[in-house]
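> Take a look at the following structure, please.
Every read-out reported here was derived from the displayed coordinates using simple, explicitly stated rules and does not represent laboratory data. A quick note: this is a predicted structure, and the numbers were derived from the prediction, not measured. A quick note on method: Cβ atoms are made from the backbone with ideal geometry, for glycine too, and the neighbour counts reach across all protein chains shown.
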Amino acid sequence: MSANPYQQYRATAIETASPLGIIVMLYQGVLRFTQRGIQAVEQRDLDAAHTSFVRAQAIVLELAAHLDLEAGGEPARNLNALYVYANRRLVEANVRKEAGPAIEVVRMFRELLPAWQALAEGKPASASVSAAVVGVR
């Protein structure tokens, strides 16, 4: 039996992506699952909300785990603080089954995503985001 073609495509995309490309995919994943969680809360589908928020949290924790706080200096520490805060807000959204904290996470990640996309494409980005790349292992 052959695997789902979409899953094969996704696996190949991840395996061949650059480290910056993977960060972009992770940011997109946080946005996707957080938005699904918000939608589920609004529809009062508590199981789906829980599942989506937990998946978003796992991605945020993965982003934080791959920061090199020593080599990355202050930009990496700032990203770590953002990820810790985002995770806390996702936990609050999940526990309370409220969209507000999750909407805040969506705003943060939407704001940062274009800078990571520019870096992944080799385009100039802001100095602070460029410096933060040093903190990514």
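> Can you tell me the FRET efficiency between His50 and Gln28 if r is taken as the Cβ-Cβ distance and R0 is 22 Å, rounded to the nearest 0.05?
After rounding to 0.05, the efficiency reads 0.55.
> Normalised by the residues of the range 15-133, what does the relative contact order come to in percent, with Cα pairs under 8 Å and at least six apart?
33
> At 7 Å along Cα-to-Cβ for each site, give me the label-to-label distance between Ser18 and Arg96 in nm.
The two pseudo-label positions are separated by 4.0 nm.
> Using 1/(1 + (r/R0)^6) with R0 = 41 angstrom and r between the beta carbons of Glu111 and Asn4, what's the FRET efficiency to the nearest 0.05?
According to the calculation, E is roughly 0.80.
> ³J(HN,Hα) across the range 49-62 via Karplus (A = 6.51, B = -1.76, C = 1.60, θ = phi - 60°), whole Hz, x for Gly/Pro?
3J(HN,Hα) across the range 49-62, in whole Hz: 4, 4, 4, 5, 5, 5, 5, 4, 4, 4, 5, 4, 5, 5.
> Over all Cα pairs of the range 15-133, how is the pair count split among 5 Å bins, expressed in % and running from 0 up to the last occupied bin?
Taking all Cα pairs of the range 15-133, the binned fractions are 2, 13, 22, 23, 18, 11, 7, 3, 1 percent.
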